[in-house]
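Asker: Quick one: structure below, then a few questions.
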Amino acid sequence: MKINKNDVFTITIEDMGTEGEGIGKIDGFTWFIKDAVIGDMVEVKAMKLKKNYGYARLVSVLKESKYRVHPKCEFHRQCGGCQLQALDYKQQLLFKQNKVSNNLKRIGGFENLEVLPVIGMDKPYFYRNKAQFPIRQDKEGNIITGFYAGRSHNVIANTKCYLGAEINEVILIKLIEFMRENHITAYQEETGKGLIRHVLIRVGFTTKEIMVCIVINDNQLPKSERLVEALQEIAGMTSISISINKENTNVILGNTVRTLWGQDYITDYIGEVKYQISPLSFYQVNPVQTQKLYQTALSFAGLNGSETVWDLYCGIGTISLFLAQKAKKVMGVEILPDAIEDAKNNAKINGIFNAEFFVGKAEEVLPRKYKEDGEHAQVIVVDPPRKGCDQVLLDTIIEMNPKRVVYVSCDSATLARDLRYLCDRGYDVKKVQPVDMFGHTVHVETVCCLQRVNM
Ligand code: SAH
């Protein structure tokens, strides 16, 4: 059967790709179909044809897969945030386990490595403690907020996101009301005019403290006392601030933050460890699953209290402070100076004195500390960004020869590459434990335990 562009045809979905798209085959020709779920029989329209594969748009579901569920969010297809909402949550976890397993095989050449079942969420909705909503005007001039449509900056008006905290909606409605009543304008990306660009909301899930930071395209927010008055009524409101961002940029927050009311930060906990979070601080967005992730990392580190541990790419020191409770000494390295300031402060407010932090690139700081100061480590933890570890860093780890390496990864493709490198040079992968931090999206975090072969 020859299919041409714009043809409508029927296909059965047999697999799902790394971006959550459905995959089906007709006469050896592979089709990728966004929003189709494994097991669905669907009617689709051919959009783009390449030599051996093509992309088609979902027209209708003719026969629903047993794994298809009714998504809570009516915008799940347009919004760029969720890719898997129509897939049953248990099936999402299997999808993620397979994704890690396939990457380890395909990229790392690990044929028979067991990937443990993904540690899932008890409640896979309302799990994000942080949200950044763009504020815009629609064609009629109404102030709207919502989410960017996939791969664009068109805002879909929607104040109810099922991944964020439920209180977000109350805050958004109050903000829009304030803007309407006081004739405060919304930012326009095309012209660079208009005042309010974004609102950042953070909620401490343990403490119930709330932070609202309004990002504005000027130095002042007129009538801000009225907004403060309205927001203050919300139980848990702890910090209200503005951030000034006059640049023509996709970066959301500006560098200047001014507190309008309350504290400069909110407090929250991961496990027993307390964190102070300011608008500009990095903080894990799913604290419940983060605790499970770090607990796994800690158990893989196998500490007995006598070890020196390095925590590379340490951010605000979240893993370091977890490890410090069980190690003799922890040394954290992170490229962002502000994050290191937070890490030091967090150590102090928790009374943790056996953690030390260094600003710099992990691939520069570790080799220097090793060569110049003769620093050693029994355990090294890495938690790099998506691009994975720098090879110089991996070489230094191999030279330092720690008993164990714990690799925390947010991209299983670069994880597979780096594990292969370490395993060709004296390490064995003992355990691979994925954790679901971002339900309904295709992202998956993985913790791996590596052990030195010649102990
Ligand atoms: N472990 C931290 C966050 C890890 S995210 C936590 O759990 O909170 C990855 C971190 O690596 C980011 O904070 C990023 O700023 C930092 N980073 C990126 N490149 C780096 C490099 N070359 N050296 C050190 N840190 C780096």
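The values are calculated or read from the model by the stated rules, or taken from the named source; none is laboratory data. Because the structure is predicted, anything quoted here is derived from the model rather than measured. Positions of Cβ are backbone-derived with ideal geometry, glycine not excepted, and every protein chain shown enters the neighbour counts. Protein only, heavy atoms only, side chains kept; ligands, DNA and RNA dropped before computing areas. Shrake-Rupley method; radii C 1.70, N 1.55, O 1.52, S 1.80 Å.
Asker: Given the pairs K5/K99; K5/K34; K99/K387; K25/K63; K45/K160, which are separated by over 19 angstrom at their Cα positions?
Answerer: Details: K5/K99 30 Å; K5/K34 17 Å; K99/K387 17 Å; K25/K63 17 Å; K45/K160 31 Å.
Over 19 Å Cα-Cα: K5/K99; K45/K160.
Asker: May I ask what percent, to the nearest 5, of DSSP beta bridges between residues of the chain are antiparallel? Let's see the in-between values first.
Answerer: Values: 65 of 97 bridges.
Bridges in the chain that DSSP calls antiparallel: roughly 65 percent.
Asker: Let me ask something else about it. How big is the charge dipole of the chain about its Cα centre, in debye rounded to the nearest 20, if each Lys and Arg gets +1 on its Cβ and each Asp and Glu gets -1 on its Cβ? Walk me through the numbers on the way to the answer.
Answerer: Working: 57 positive and 54 negative charges, 185 e Å.
The calculation lands at about 880 debye.
Asker: How high is the FRET efficiency from N255 to F29, r the C-beta distance, R0 56 Å, rounded to 0.05? Write down the numbers at each step before the final one.
Answerer: Values: r = 51 Å, r/R0 = 0.91.
The computed FRET efficiency comes out at 0.65.
Asker: Related question: Taking 0.36 nm per residue of separation and subtracting the Cα-Cα distance, what length does fully extending H183 through N142 add?
Answerer: Details: separation 41, 0.36 × 41 = 14.76 nm, distance 1.11 nm.
13.6 nm is the gain from fully extending H183 to N142.
Asker: Need one number: nm distance between label points at N4 and T191, each 7 Å from Cα along Cα→Cβ, rounded to one decimal.
Answerer: Reported label-point gap for N4 and T191 is 4.6 nm.
Asker: Still on this model: Less than 14 Å apart at the alpha-carbon level, and either on another chain or at least 8 residues along: which aspartates and glutamates does that give for K123?
Answerer: Correct list for K123: D88, E166, D436.
Asker: Counting only protein heavy atoms and a 1.4 Å probe, tell me what percentage of the range 211-290's accessible area is made up of carbon and sulfur.
Answerer: On the way: 1610 of 3680 Å².
Carbon and sulfur: 44 percent of the exposed surface of the range 211-290.
Asker: Another question about this same structure. Can you give me the Cα centroid spacing of the range 377-412 and the range 174-242 in angstrom?
Answerer: 41
Asker: Report, to the nearest whole %, how much of the accessible area of the range 8-63 belongs to carbon and sulfur atoms, 1.4 Å probe, protein only.
Answerer: Numbers: 1530 of 2930 Å².
Here carbon and sulfur together make up 52 percent of the probe-accessible area.
Asker: For a test of the definition: using alpha carbon positions, the gyration tensor, and the 1.5 limit on a/c, classify the range 45-182 as rounded, prolate or oblate. Show your work: numbers first, answer last.
Answerer: Details: a/c = 2.34, a/b = 1.63, b/c = 1.44.
Prolate is the answer for the range 45-182, as a/c is 1.5 or above and a/b outweighs b/c.
Asker: Another question, if that's okay. Contour minus end-to-end for Y269 and H70, with contour as 0.36 nm per residue of separation and end-to-end as the Cα-Cα distance?
Answerer: Working: separation 199, 0.36 × 199 = 71.64 nm, distance 3.36 nm.
Between Y269 and H70, full extension yields an extra 68.3 nm.
Asker: Under the Karplus relation 6.51 cos²θ - 1.76 cosθ + 1.60, θ = phi - 60°, what is the ordered set of whole-Hz ³J(HN,Hα) values for the range 199-214, x standing for Gly and Pro?
Answerer: 10, 9, 10, 10, 10, x, 5, 7, 8, 6, 6, 10, 10, 10, 10, 9
Asker: With all protein chains present, how much of the accessible area of the range 92-150 (probe radius 1.4 Å) comes from carbon and sulfur, to the nearest whole percent?
Answerer: Working: 1420 of 2980 Å².
Exposed carbon and sulfur together represent 48 percent of the surface.
Asker: A further question on this structure: Ranked highest first by average number of other Cβ atoms within 10 Å, how do 66-79, 354-367 line up? If you can, show how the numbers build up before the last one.
Answerer: Numbers: 66-79: 15.7, 354-367: 19.4.
Listed from highest to lowest mean packing, they are 354-367, 66-79.
Asker: I'd like to check one number: the per residue accessible area of the chain, probe 1.4 Å, reported in Å² as a whole number. Each step should come with its number before you reach the end.
Answerer: Values: 21160 Å² over 455 residues.
Result: 46 Å² of accessible area for each residue.
Asker: Please list 171-182, 287-298 highest first by mean number of surrounding beta-carbon atoms within 10 Å per residue.
Answerer: Working: 171-182: 17.6, 287-298: 21.0.
Going by the mean number of other Cβ atoms within 10 Å, highest first, we get 287-298, 171-182.
Asker: Given the C-alpha centroids of the range 301-371 and the range 30-95, what is the distance between them in whole angstrom?
Answerer: When both Cα centres are located, 42 Å separates them.
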